[in-house]
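J.: Just dropping this structure here.
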Amino acid sequence: MSTVEEPPKDPSLEELEELLRAEHEHAGELEDRTRSLEAMEAFGAFAGVAAVIGLVIVVGLLATGVLGKGKTTVVHDMGAGGPMAVQKAVPYTGPVEAYKRPDPTLPAVPAGQVKTFNIDVFEHVTKVAADQPPTRVWSYGVNGTFFRGTGASTPMVVDQGDMVRIRMHNGSSTAMHVEFPHSIDFHSSEVPPEKMFKTIGGGQTVSFTFRAKHPGVFMYHCATDPVLMHTGSGMVGMMVVKPKGLPPVDHEYWMTQQEYYIGQPGGNADMDKMQAMKPDVVAFNGYADQYKKAPIVVKAGERIRVYAMNAGPSIWSAFHVIGTVFDRTTIEGQTGHDAQTVNLAPSQGGWMDFTLDAPGVYPFLSHSFATMTKGAAGAFKAT
Ligand SMILES: [Cu+2]
């Protein structure tokens, strides 16, 4: 006698959404548990320090005979202002930019023999997540495209072999509200960094040219000291150099993963959180969960290419799309196939080709789930 197994059924749209919700909740629980463990550890360390200090004071007082003579003793207060003091958030009442969803469609290569990018630095107060206070982000706008209302910087796209002209203004007008010196460093270029990636003051301009010889998804970023502060404050983005002979697809998208470390509401980012690698938000294209709330719409069976950049500055990305397998991947010059997840260290990038075979919602995320719970999640909707 033989048995016939039921063929596995394709998950429904509801089931896929439930799956994502369950993953999200599980990661959230783990995060909560980690937080309480950290709090306990911190308290334990504090209690230990307090006990040692207390002992030292008592021994000292006994040695000087203070306790023996029955005099009043003062024990140091470890409360306000001590090592456990937490800075109070000051409410922010200034203007906040209105959110507008960045178009995830990869921009076209600019016209002309030399590809010219007029880049403007702007420092602006925006939200980067619906449930977080506004924060002051330092960003790059390119050729008139500014993603105000988010923390994203504009992507740039050229073809392999193109001559590229960069003109970076550190705030071309007072509307850019630049307060700090900045610079721009292109990983796609081969130029002497001390001459080209130099730091300029507010209102100044730096220009240079290079030939984009190598194909790939390259990071650009501010290289001004302290570089962690500048990159952690938002000054990162992607330059795509398309290889010769890249097969056409139906849709090309850009996804820049980026961390945000929120300081005082409406104020500059928090350097301590950056050094501890504890971002408040990790987002694709400058705003947490934005493509989950408003998915990217395609047709089932269409060929999709996502150009992904992990701009960090410090945390790994594990880009994954639920409900498909990448047919082809090109990451840092390595071509792969049949991949579930691509591994992107901070500053690495590449592209993935895939299809979504049946109508439905296909979430994408960093499969490093703690970052997913902080906003590194979105979705495609195949119709
Ligand atoms: Cu900078």
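FYI, it's all coordinate maths here, none of it is from the lab. On a predicted model such as this, the values are computed, not experimentally measured, just so you know. Neighbour counts run over all protein chains shown; Cβ positions are idealised from the backbone, glycine included.
J.: By per-residue mean of other Cβ atoms within 10 Å, what is the highest-first order of 129-135, 216-222?
T.: Ranked from most to least packed, the peptides come out as 216-222, 129-135.
J.: Taking the Cα-to-Cβ direction at Asp357 and at Lys100 and moving 7 Å from each Cα, how far apart do the two end points lie in nm?
T.: It is 4.0 nm.
J.: Enumerate the calculated ³J(HN,Hα) couplings along the range 358-363 in order (Karplus 6.51 cos²θ - 1.76 cosθ + 1.60, θ = phi - 60°), each rounded to whole Hz, writing x wherever the residue is Gly or Pro.
T.: 3J(HN,Hα) across the range 358-363, in whole Hz: 10, x, x, 9, 10, x.
J.: Calculate, in nm to one decimal, what Gln275 and Asp131 gain on full extension: separation in residues at 0.36 nm each, minus their alpha carbon distance.
T.: Difference between extended and current length: 49.5 nm.
J.: In addition: State, as an integer percentage, the relative contact order of the range 114-245 based on alpha-carbon contacts under 8 Å between residues 6 or more apart.
T.: Relative CO of the range 114-245 lands at 28 percent.
J.: Using a 10 Å cut-off on Cβ atoms, rank the peptides 329-335, 237-243, 356-362, 314-320 from the highest mean neighbour count down.
T.: With the highest mean Cβ count within 10 Å placed first, the list reads 237-243, 314-320, 356-362, 329-335.
J.: Round to the nearest 0.05 the FRET efficiency obtained for Thr205 and Thr335 when R0 = 45 Å and r is the Cβ-Cβ distance.
T.: Working: r = 39 Å, r/R0 = 0.86.
Taking R0 as 45 Å, the efficiency between Thr205 and Thr335 is 0.70.
J.: Roughly how big is the range 137-219's charge dipole about its Cα centre, with Cβ charges of +1 (Lys, Arg) and -1 (Asp, Glu), in debye to the nearest 20?
T.: My answer is approximately 140 debye.
J.: Tell me, how many Å apart are the Cα centres for the range 109-180 and for the range 283-330?
T.: The range 109-180 and the range 283-330 have Cα centres spaced 21 Å from each other.
J.: From the backbone phi of the range 197-210, what are the Karplus-calculated ³J(HN,Hα) couplings (6.51 cos²θ - 1.76 cosθ + 1.60, θ = phi - 60°) in whole Hz, Gly and Pro given as x?
T.: So the Karplus estimates, Gly and Pro as x, are 8, 7, 7, 10, x, x, x, 8, 10, 10, 10, 7, 10, 7 Hz.
J.: Just add up the charged neighbours of Gly161: K/R +1, D/E -1, any other residue whose Cβ is under 15 Å from the Cβ of Gly161. Numbers along the way, then the final one.
T.: Working: positive: Lys115, Arg165, Arg211, Lys213, Lys242, Lys244; negative: Asp159, Asp162, Glu190.
Residues near Gly161 contribute +3 overall.
J.: What spacing in nm lies between the two simple spin-label points modelled at Lys293 and Gln113, each 7 Å away from Cα in the Cβ direction?
T.: 4.7
J.: Could you give each residue of the range 101-114 its phi-based ³J(HN,Hα) in whole Hz, using Karplus coefficients 6.51, -1.76, 1.60 with θ = phi - 60°, and x for Gly or Pro?
T.: 5, x, 5, x, 5, 4, x, 6, 5, x, 6, x, 5, 9
J.: Right, another one. Determine which residues of the range 321-351 fall in the zone a paramagnetic label at Gln160 would reach in this model, i.e. backbone nitrogen under 15 Å from the point 7 Å along Cα→Cβ.
T.: Under cut-off, by backbone N: 329-336, 350-351.
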